[in-house]
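Reading through the structure tokens given below for one structure.
Where a number appears in this text, it was derived from the coordinates with a stated rule and is not lab data. Keep in mind it's a predicted model, so treat the numbers as computed, not measured. As a convention, Cβ positions derive from the backbone with ideal geometry for all residues, glycine included, and neighbour counts pool all protein chains shown.
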Amino acid sequence: MIQAAPLAVQGIFVAVLLAAVAIRRSAPLAAAVTGVGFVAALCTIPAAMHGAAIAGEQFDLSGATYGFWAVILSVGFLLSVMGSGYWRGAKNLPAEEFFILLLVATLGACVLAAAKDVLFLFLGLETMTLAMIGMIAYPRHRPEAAEAGIKYLILSAMSSAFLLFGFGLLELATGSLGLADVLAAPNTPMAVAGLAMVGVAAGFKLSVVPFHIWVPDVYAGAPAPSGAFLAVVPKLAVLAVILRATGLPGAALAPGALHVVSVVAALSMLAGNLLALQQQNVKRILGFSSIAHLGYLLVAILAAGEVGRVAVVFYAVTYALTMVAAFGVLAVLSNAGAARDAETIADLRGLFWSRPGLAAVMTLALLSLAGMPPAIGFIAKMYIFAAGVHQELWWLVGTMIASSVIGLFYYLSMILAMAQRQAPAPAAAGMQAGGRLVLGVVSLAVLVLGVAPEPLIALVKAMLG
Amino acid sequence: MSLCLLLAIPLLGGCLAWPADRLHPHLPRIISLLALAATLAVALPMLHGTSFWLADFSVPWIPAFGMSFHLGLDGMSWLLTVLTIVLGMFSIVVSWRENVEKIGFFHANLMWSLAGTIGVFLALDLFLFFYFWELMLVPMVFIIAIWGHEDRRIAAIKFFLFTQGSGLLILIGILGLAFLHQRATGVLTFGYFALLGHEPGGAAGFLIMLGLFIAFVVKLAAFPAHVWLPVTHTQAPTAGSVILASILLKTGAYGLLRFVVPLFPTASHTLAPIALWLGVASIFYGAVLAYGQNDFKRLIAYTSISHMGFVLIGVFVCNALAWQGVVFLLIAHGVSTGALFIIVGALQQRLHTRELSRMGGLWGDLPKLSSFGAFFVLAAMGLPGLGNFVGEFLILRGAYGAAPLITILAAIGLVPAALYSLIAIQRAFHGPVREARAIADFGWRENAMMLALAAAIIWLGVYPQPVLDVAAPSISAMGVTP
């Protein structure tokens, strides 16, 4: 059973953390236990990979799954380090539960990413989502956070309902709960309706157009570390499922469905970037930008093939690193005890002169999101273009170019705001050692992998086998 | 290996210059200047290589896509690299006395932009070329956005959107080219030599060529893709304007010469008539608009559009003589326009205005500045005996056999050039003194810079053969296509 050790380790650490918090309430202790839990789970991955292959019914324990686990757990670890600094600012808000929720949500994401069975897929999804609602609404002194939590709760419940109904219909059509059987459902109206409902639920989780309405409010209301989690982890987990599903035999979508996905991709790219143009709130901008990035990812998914699959994973890793860096800067600038985070463009103004290091990290992250060298986003975007050109998806590639140019505008506006000369002194910001450590690590990765991406490409290829 | 030094020294110099201003405000300048001098010391001896490629360096970079870190230096890229380094040194010296805020970061951006440009001139792998192409852009955006004049924000955004947006066309183009090549031969590569001689035919080949053409013409700022240039050049600080006009514009021409014409001989032959007419349009458009400007810096920016029209014509008449002229004009224009931007920058520093209507009669107050100004305006106009004339003449001479009508029109375009040049001299330096001024003329630092640039222009004008000899092998290797 060594193959599923990362899941078990996380489960154990959830129990350990609960016990630790019950014995002694201490945020640093909780953060430390969480961090150790993530590291321990990460450390078991190599051993788990070397275990004999088992053909389980519930979990797909392939290289790709381990790869996604590694990324999800790393993000969880980085956010636990970042969170320990962030929550220190809130004097009368105990932070221990945040770490419990973080650990549980990550466990749920790992289960979801590995699920090969509809039941476990749903189990993982709900574990992750319910914990995330708590994470979003965590700073209870902020009305926006509570509002964001409620919004996310209602919309998640709705998408879960779609998912369950869809799976129900598919089960009725095929008589099986296995993902492979379900996807290979015969082309009956019932099965098509079921697949469509599952698609709607996936669209919610990926926040692509037209299921993106919740994104700006929830991103803006959530505290920065939760925002980073929300932006990255659920998407990684759902992408892992989609990547596995598209690799299954008999999973080829009908041409009509492919057209629908293409339209969704194009609309996401355009809408995400266009809607971001007028925003003044950096979290909202990052939210809209994530819609556009998921649109790009859909292009890679549509391109399929070997290049496309590698492109999906490479882009997902890039996106994770970059979003953690961008939200991380906001987290380091913010104080959890304050009425709101440092989240408007005005808060970033003059950052180059007051906090040059943070500004450099933010610039690198924004360049990466914009797809400029020397950041890794450049290589990632090239990879998707390559996949698109390879499969001759010309009009999608064209849309991607157009929307990228639109996107440049608001990324550049943020960079220019940071570079403005006469700067008002930024609000008293915490000196969060943990957050800055995370930023250092992440930005180094963004830079180094942007200059020499080959190791990551080779790793992704090996993982996808 | 020494090719890597050409990139590493400026990059490293920039990294050192950034924090150096904490120690002493002059230290970033000294570090940058020393780094560029060291780069020049590496670059100059390379000319004495024996083979056609003076130097070559290649290691695998992203083997998954057949991309390699392949640098190479031939005569043409040697000339442009040396031009980059030398004008980079001038752009540092020009702001020596100015009170620049955050001087360390300023010089870091300057050095990184120069490093990116050198990389563009050296790269022999298409993806690596694109990488440097994008890399030189960001520091320049910073230079404009932070240290520019009053409308710097708009200028920076325009510059960024135009050049980056068109850059994506290059990316799609080279990806398409590489995949078509893979389909034909089974090898996925972005290497320049591997792709040379494998022009994809049909509509796909033409579209790819068109994408690259548009991107390079945007950078070259020929009509009608010049929209970003006037505001960007006007708003950039002096050092930024010098680099933009003297070096960055040249990367567009270099791209056309090095990649578009050799990689797509048939497709570019199909496009040539349109390109030639665009060249003529640029010549006239730039000249007429320059004539109407009141802002001295803007005027020079428009003359650049006009001169780049000649370059466009020279590239697309496709014969060795015109190509020689193009390379020569790139260098001469780099020197003369760089000098003009330095002079206008000095004027703005003294008068706090760039408006010609507030100048006039400067010759009495600033005899040295004014005489140098008049000299370089005449040089830019193409006065025989000075560098630009040689380049323009070679282009026209080469073009006449292929496209007489175009050549005649382009030659007529020299008349408005004379008009705007003389008007600029008249309005700025001659005429009645409108305002009482108490300002200092050029000091020894500025005099020395101007004398060096003037000497270079005169040398290029009266004894152009050495430069032509250096460029000749590259030109003849490009092959004279139909």
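Can you pull the one-decimal nm distance between simple spin-label points at residue B:452 and residue A:253, each 7 Å off the Cα toward Cβ?
Computed distance between label sites residue B:452 and residue A:253 equals 6.1 nm.
Quote the relative contact order of chain A in percent (integer), defining contacts as alpha-carbon pairs under 8 Å separated by 6+ residues.
On the way: 793 pairs, mean separation 76.1, N = 465.
Across chain A, relative contact order equals 16 percent.
Report D for chain A in µm² per second (integer): Stokes-Einstein, Kirkwood Rh on Cα pairs, 4 °C, 1.567 mPa s. Intermediate results must be reported in sequence, preceding the final value.
Details: Rh = 22.0 Å.
Once the numbers are plugged in, D ends up at 59 µm²/s.
Over what distance in Å are the Cα centres of region B:1-43 and region B:250-284 separated?
35
Which whole number gives the average, over all residues in B:71-77, of C-beta atoms from other chains lying within 10 Å of the residue C-beta? Walk me through the numbers before you get to the answer.
Working: counts 0, 0, 0, 0, 0, 0, 0.
Going residue by residue through B:71-77 and averaging, the value is 0.
If contacts are Cα pairs under 8 angstrom and at least 6 residues apart, what is the relative contact order of region A:247-359 in percent?
Dividing the mean separation by the residue count of region A:247-359 yields 22 percent.
Could you tell me how far the Cα centroid of region B:380-400 sits from the Cα centroid of region A:49-111, in Å?
Distance between centres, Cα-based: 68 Å.
Assign unit charges at the C-beta atoms only (+1 for Lys and Arg, -1 for Asp and Glu), then state the dipole size of region B:276-482 relative to its Cα centre in Debye, rounded to the nearest 20.
With Lys and Arg at +1 and Asp and Glu at -1, about 360 debye.
Where does each of B:235-241, A:415-421 land if you order them by average Cβ count within 10 Å, highest first? Intermediate values should be presented prior to the final figure.
On the way: B:235-241: 26.7, A:415-421: 21.3.
In descending order of packing, they fall as B:235-241, A:415-421.
Separation of region B:208-246 and region B:442-479 by C-alpha centroid, Å?
Their Cα centres are 23 Å away from one another.
Under 12 Å from the Cβ of residue B:61, count the other residues' Cβ atoms, weight Lys and Arg +1, Asp and Glu -1, and hand me the total.
-2
Roughly how many nanometres apart are two label points built 7 Å out from the Cα toward the Cβ at residue A:140 and residue A:39?
Simple spin-label model gives 3.2 nm for this pair.
Just checking the output field for B:365-372: average partner chain Cβ neighbours within 10 Å of each residue's Cβ?
Other-chain Cβ atoms within 10 Å of each residue's Cβ, averaged: 0.
Can you list which of the trypsin sites (Lys or Arg not before Pro) found in region A:2-88 are DSSP loop residues with at most 16 other C-beta atoms within 10 Å? Before the final figure, lay out each step's value.
Details: sites: A:24, A:25, A:88; in loops: A:24, A:25.
Those satisfying the criteria are A:24, A:25.
Residues of A:378-388, mean number of Cβ from any other protein chain within 10 Å of their own Cβ, rounded to a whole number?
Mean shielding count: 4.
Under a point-charge model restricted to the Cβ atoms of Lys and Arg (+1) and Asp and Glu (-1), what is the dipole moment magnitude of region A:88-143 relative to its Cα centre, in debye to the nearest 20?
I would put it at about 320 debye.
Working out 0.36 nm times the residue gap between residue A:19 and residue A:161, then minus their Cα-Cα distance, what length gain in nm do you get to one decimal?
Extending this stretch completely gives an extra 47.8 nm.
Can you give the local net charge around residue B:192? Use residues other than it whose beta-carbon is closer than 13 angstrom to its beta-carbon, Lys and Arg +1, Asp and Glu -1.
So the surrounding residues net to -2.
Could you tell me the calculated FRET efficiency between residue A:306 and residue B:184, based on Cβ-Cβ distance and R0 = 22 angstrom, to the nearest 0.05?
0.65
Which whole number in µm²/s is D for the protein assembly as shown by Stokes-Einstein, with the Kirkwood Rh taken over Cα pairs at 37 °C and 0.692 mPa s? Please list the in-between numbers first.
Values: Rh = 29.6 Å.
Diffusion coefficient, whole number: 111 µm²/s.
List residues of region B:287-315, by number, whose backbone nitrogen lies under 19 Å from a label position 7 Å along Cα→C-beta of residue B:412.
B:287-291, B:306-307, B:309-311, B:313-314
In debye to the nearest 20, how big a dipole does the protein assembly as shown give about its Cα centre with +1 on each Lys and Arg Cβ and -1 on each Asp and Glu Cβ?
Charge dipole of the protein assembly as shown: 1640 debye, to the nearest 20.
Modelled label-to-label distance, residue A:193 and residue B:59, 7 Å Cα→beta-carbon offset: nm?
Going by the 7 Å Cα→Cβ label model, 6.2 nm.
Read phi for every residue in region B:104-110 and hand back ³J(HN,Hα) as whole Hz from Karplus 6.51 cos²θ - 1.76 cosθ + 1.60, θ = phi - 60°, with x for Gly and Pro.
x, 5, 4, 5, 4, 4, 4
Can you work out the FRET efficiency for the pair residue B:46 and residue B:476, with r the C-beta to C-beta distance and R0 = 35 Å, to the nearest 0.05? Working shown, then result.
Working: r = 20 Å, r/R0 = 0.56.
Working from the Cβ atoms, E equals 0.95.
Counting other beta carbons within 10 Å of each residue's own, what order do B:56, B:295 fall into, fewest first?
Ranking B:56, B:295 by Cβ neighbours within 10 Å, fewest first, gives B:56, B:295.
Taking 0.36 nm per residue of separation and subtracting the Cα-Cα distance, what length does fully extending residue A:409 through residue A:91 add?
110.6 nm
In chain A, how many lysine pairs have Cα atoms under 23 Å apart, counting only pairs 8 or more places apart or on different chains?
14
Report the extension gain between residue A:451 and residue A:339 in nm, rounded to one decimal, defined as 0.36 nm multiplied by the number of residues separating them, less their alpha carbon distance.
Values: separation 112, 0.36 × 112 = 40.32 nm, distance 3.99 nm.
Full extension from residue A:451 to residue A:339 adds 36.3 nm.
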